[in-house]
Structures are given as structure tokens and as C-alpha cells.
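To keep things clear, I will list the structure first and then write my remarks on it.
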Amino acid sequence: MSNHAMAAAAALTTFEADAAASPADVVRVGVIGYGYWGPNIVRNLGALDNCRLVTVCDKSPAALKRAGRAQPGVHLTTDFSDVLRSPDIDAIAVVTPVWTHFELAKAALENGKHVFVEKPFTSNSAQAELLIDMAARKNLQIMVDHTFLFSGAVRKIRELVDNGTLGPLYYFDSTRVNLGLFQHDVSVVWDLAPHDLSIMDHIIRERPEAVVATGGNHLNGQADMAFVTVYFPGSTVAHINVNWLSPVKVRTTLIGGRDKMLVWNDLEPDEKIRVYDKGVNITAGEGLYDLLVSYRTGDIWAPKVDATEALKSELGYFMDCILKNETPMNDGCAGLRVVRLLEAADESLKNRGKIVVF
Ligand SMILES: NC(=O)c1ccc[n+]([C@@H]2O[C@H](COP(=O)([O-])OP(=O)(O)OC[C@H]3O[C@@H](n4cnc5c(N)ncnc54)[C@H](O)[C@@H]3O)[C@@H](O)[C@H]2O)c1
């Protein structure tokens, strides 16, 4: 055994001896990946009552140094097998680049750990199906980080749709544009659209029928702007605009229903959602060409939106799901639905907007 391996083994033994057995109401978690997003996961895990943050793993010593400063006392390692082999870890959060999600999540499940995987779940649907199957056979939970589902705004929108305030939905139209951050391994569709697609999936709750995507790649061979349209079996249409080449940052979603319409501007500090009592009424006249169109403009109101950090709610819910052995709403199947849409968008993009039917 090399000096390095011996030191690592000794450190692991000490760490295992130090760790107490898991009480029934706490999940012990290891995090892999402490780059851009990992610190947010670690910070929130560290503050939860139903979680004990045990280990942070990153192959970069500089990243681990930052993690150690942020979470003094937490076990740090550059070797993922430390996390996999530890009997003191119940669940692993995979917060690494997309192309690594499948192998790391698979290894976690093989070692009997529940997994929290960043969006997008995997690089293709075959990988997602395999992980879902493996977790089901081992009675382990998978949660895919569809962070926005836990934001106060999306929870309020879902409530307004579910309680019939908006009426039947006509459209969902989401714009998520800014300058950068260019990713090296994925296009803007795989980087940004998982947010919008997961929100769309959560709110519309119908299975899409077809996807059309157009866009362009100007700088590094990956699409850096794209317009994705998703058709549903009823008359609901969703449209998603994602762009890394925008001079300004926009995070706005319009949702139009028969009875009310709303605008969600996520950059607004207050009044993120405005509901408009606006609409169009059509009444038939006597003849075929006698349709009468009238426009309704009523009140505008801004419902109260819970300001709790979405990631905190999401991670707390993940711990609850593990402790109660319940399937999370953003499980592997939710992750797979988004990956299928991303694959369809890729196929359509490659063929300049060819319709891809499911
Ligand atoms: N939910 C959200 O809102 C949100 C926001 C940003 C990023 N993300 C997702 O988070 C994931 C990570 O993105 P990022 O921007 O933080 O990436 P990043 O490149 O900044 O960080 C990834 C980290 O993982 C480490 N790493 C990679 N492979 C490893 C391995 N095998 N063992 C140990 N460490 C390893 C790297 O050293 C790096 O520090 C991506 O899937 C991304 O889509 C989600």
C-alpha cells in the first residue's frame, strides 16, 4: 500500500470510529462535488435538523480547502471510494458535471446509498432508466435536483393552477436568458432548460406529445441559444427560450389560462407573481362569420410568495422521504421525463426544427 493510500485508510478508520450510529431521525450524507453549485448544497445540508453532513469529496484539493473553511469539522476526501465504502453514510449528493452523474449515482446505488443527483439527471434516457430500475430493486430513493419546484413562486403557481384560478391552460412561456455562463460539456439546452422543463412538467402534468426546437451555436460548437416548443395532447403549448448570449438577464414566465393569466418575474424582489384577470371571450353570433370577440380586463393582484430558500426545502424533503421510505415527487422518473424532452430537443435542433413526436 502506498503512503498516500495508508494515510487515506487511517484517516477513514478514524473518521468511521468517530461517527456515531445513525439515529432513526437523521440521514447521514456525503456530498461529491464542491465546485460552483456544491457549496449551496453543503451549506443547506449543514443547516438541516434531519441531516448530518458527514463528508465532502472533491478531486480538487483547493475545492476541499474551501469546503473545510465553510464546514469546519466535516470529513474531507479527494477519493470518492471513501464515501462509497463508509458505513456511516446513508445518502450521497452528486454535484458534479452532467457527464459524471450516471457513473457516480450508479456506484452510490450499488453501495446501498440513496442519491440526490443534480439536474439534468443523466446524459441520456437509457442511463436514467437503468438508475431508476436499480434504485427500485434496492429500495433506495433517487431525488433529482429540480430546485425550482420548491421555490415559493412555483408552489404558488401550482396552487393557482390546481385550484382552478387560471382555468384550463392555454400556454406556458418561459424566458431564461443571460450572458454566460458557458459550459464546456453541455449546450444551453441541457444546462438551463432542465429548470423550465421541470417546472413545466410539474405545472402542466400532462405527457407531452411532440417537441420542436430551433437555435444556434456561435462559439464553441454547442447550442448557445435555443427556442423549444412542447406540444401537449390538449391545446396547451409550452415555449422555452434559453440563451447564453443575451445582454441582459431575464427570468420571466407567462402562463395564460382561460380565466386568468399570470406573469412570474423571478428577478423581482417582491411581488414575483402577478395574476391578471384578463382574457378573451368569444360568443357565437347567428352565422358562421359572426363570432363576437370581447376582451376582459379586471383586477391585478400579487399573491404572497414564501421566501424560504428552495434548496433548503428540497433537501429537507429528501431527508424526510428517506426517513419515511416515500418516493419524492422529483424522483428518477421526473428526471427521466426531463431527459427525454432534452433528447427530443437535441434531435429537433439537429434537424432545424423537425417535429419530434413521442
Ligand atoms: N440546481 C441548480 O440550480 C444548479 C445550478 C448550477 C449547477 N447545477 C448542476 O450542478 C452540477 C455541477 O455543476 P457546477 O457548475 O457546480 O460544476 P463545477 O465544474 O463548478 O463543479 C464540479 C466539481 O465536481 C468535482 N468533481 C468532478 N468529478 C469528480 C469526481 N469524480 N470525484 C470528485 N470530485 C469531482 C470537480 O473537481 C468540481 O469541483 C451540474 O450537474 C449542474 O448542472 C445545478
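The values are calculated or read from the model by the stated rules, or taken from the named source; none is laboratory data. This one's a predicted model, so the numbers in the text were calculated from it and none came from an experiment. Cβ coordinates were reconstructed from backbone atoms using ideal geometry, including for glycine residues, and neighbour counts include every protein chain displayed. SASA here: full protein model, heavy atoms, side chains in, ligands and nucleic acids out. Shrake-Rupley method; radii C 1.70, N 1.55, O 1.52, S 1.80 Å.
I'd like to verify a number: residues in the stretch 84-99 that are among the polar types (S, T, N, Q) and open to solvent by less than 20 Å² (accessible area, probe 1.4 Å), how many? Steps first, please.
To start, the set of residues in the stretch 84-99 that are among the polar types (S, T, N, Q) comprises 86, 96.
This time we only want the ones that are open to solvent by less than 20 Å² (accessible area, probe 1.4 Å), so: 86.
So the answer is 1.
On the basis of being touching a Ser or Thr at 6+ places or on another chain (Cβ under 9 Å) and either farther than 22 Å from residue 355 by Cβ or open to solvent by less than 20 Å² (accessible area, probe 1.4 Å) (or both), does residue 217 make the cut?
The answer is no for residue 217.
Mind checking whether some residue in the stretch 318-326 is assigned to a strand (DSSP E or B) and touching a strand residue (DSSP E or B) at 6+ places or on another chain (Cβ under 6 Å)? Working first, answer last.
Step one: of the stretch 318-326, the residues assigned to a strand (DSSP E or B) are none.
Checked the stretch 318-326: no residue is assigned to a strand (DSSP E or B) and touching a strand residue (DSSP E or B) at 6+ places or on another chain (Cβ under 6 Å).
Does residue 90 satisfy the criteria of being charged (D, E, K, R), under 23 Å from the mean Cα position of the chain (by Cα) and at pLDDT 95 or above?
On the way: charged (D, E, K, R): yes; under 23 Å from the mean Cα position of the chain (by Cα): yes; at pLDDT 95 or above: yes.
When the stated conditions are applied, residue 90 passes them.
Quick check on the stretch 34-76: of everything there that is open to solvent by less than 20 Å² (accessible area, probe 1.4 Å) and part of a helix (DSSP H, G or I), which residue is farthest from the ligand (Cβ to nearest atom)?
This residue is 45.
Starting from the stretch 68-96, take each residue that is among the aromatic types (Phe, Trp, Tyr) and list its partners that are surrounded by 19 or more Cβ atoms within 10 Å (Cβ to Cβ), counting only C-beta distances under 8 angstrom and pairs at least six apart or across chains.
80/32; 80/57; 80/104
Please verify whether the stretch 228-240 includes one or more residues that are open to solvent by less than 20 Å² (accessible area, probe 1.4 Å), closer than 15 Å to residue 346 by Cα and small (Gly, Ala, Ser). If you could, list the steps in order and put the result at the bottom.
Applying the first criterion (open to solvent by less than 20 Å² (accessible area, probe 1.4 Å)) to the stretch 228-240 yields 228, 230, 232, 236, 238, 240.
The next check asks that each one be closer than 15 Å to residue 346 by Cα; those that pass are 228, 230, 240.
Still in the running and small (Gly, Ala, Ser): none.
Checked against the condition, which is being open to solvent by less than 20 Å² (accessible area, probe 1.4 Å), closer than 15 Å to residue 346 by Cα and small (Gly, Ala, Ser), the stretch 228-240 yields no hits at all.
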